[in-house]
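Asks: Mind having a look at this structure? Questions to follow.
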Amino acid sequence: MTTAPTIALLGGGFSDDPDTLLDDFVLDAAGRTRPKVCFLPTASGDAPGYIEGFHTAFGARGCEPSHLELFRRSVSGPERRPGYLAAVNDRVLPGGWAIDDGAAGLFTDGRLVDVVTRAPGATLRRVQVDEDGAVAEVAQRARLLRV
């Protein structure tokens, strides 16, 4: 029997949060003693220090950390959201998911099953073109993680 992979989107976490709430959530969701954790550093633009921080943080927690460099930063942090929305609106990119720093989303069998946040107001949003042809963001309800 094959078990469907669990995928967690994580905004923030190991890099600069004062707690390990999001990291704990991701590792608990893996349900394994030594999970394989892959970092896709899209928002950080593959900054070497950020990648090293990921390997250090998750390696120290008994994981098998790896990373996959797919993106190069071409816009600054404040420009990312409007840039993504414009790209979806212009049909340059398909709809997808946008995640705030301090939030995480858990997918199983390709379906969103949980959204958590360590920062009130932070969440995961579904971004897509609506029936009127305009780009729309739908915020998902997130439960607040506590220390």
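The values are calculated or read from the model by the stated rules, or taken from the named source; none is laboratory data. Just so it is clear, the model here is predicted, and its values are computed rather than measured. What goes into the accessible areas is simple: the full protein's heavy atoms, side chains included, and nothing from ligands, DNA or RNA. Shrake-Rupley method; radii C 1.70, N 1.55, O 1.52, S 1.80 Å.
Asks: Under 5 Å between amide H atoms, partner at least 5 residues away or on a different chain: which partners does Cys63 have, H built in plane at 1.01 Å?
Replies: none
Asks: Answer rounded, prolate or oblate for the chain, using the Cα gyration tensor with square roots of eigenvalues a ≥ b ≥ c: rounded when a/c is under 1.5, else prolate when a/b is larger than b/c, else oblate.
Replies: Since a/c reaches 1.5 and a/b is larger than b/c, the shape of the chain is classed as prolate.
Asks: Averaged per residue, what accessible area in Å² does the chain show with a 1.4 Å probe, protein chains only?
Replies: That works out to 63 Å² per residue.
Asks: Please compute the length gained on full extension between Leu112 and Ile51, using 0.36 nm multiplied by the number of residues separating them and subtracting their Cα-Cα distance.
Replies: 19.3 nm
Asks: Specify, per residue and in Å³, the volume enclosed by the convex hull of the alpha carbon atoms belonging to region 25-69.
Replies: Cα convex hull per residue, to the nearest whole number: 66 Å³.
Asks: Subtract the Cα-Cα distance of Glu137 and Arg81 from 0.36 nm times their separation in residues, and report this length gain in nm to one decimal.
Replies: Separation in residues times 0.36 nm, less the Cα-Cα distance, equals 19.1 nm.
Asks: Let me ask you something else. Could you please state how large a percent of the accessible area of the chain is carbon and sulfur, counting protein chains only and using a 1.4 Å probe?
Replies: Carbon and sulfur atoms account for 52 percent of the accessible area of the chain.
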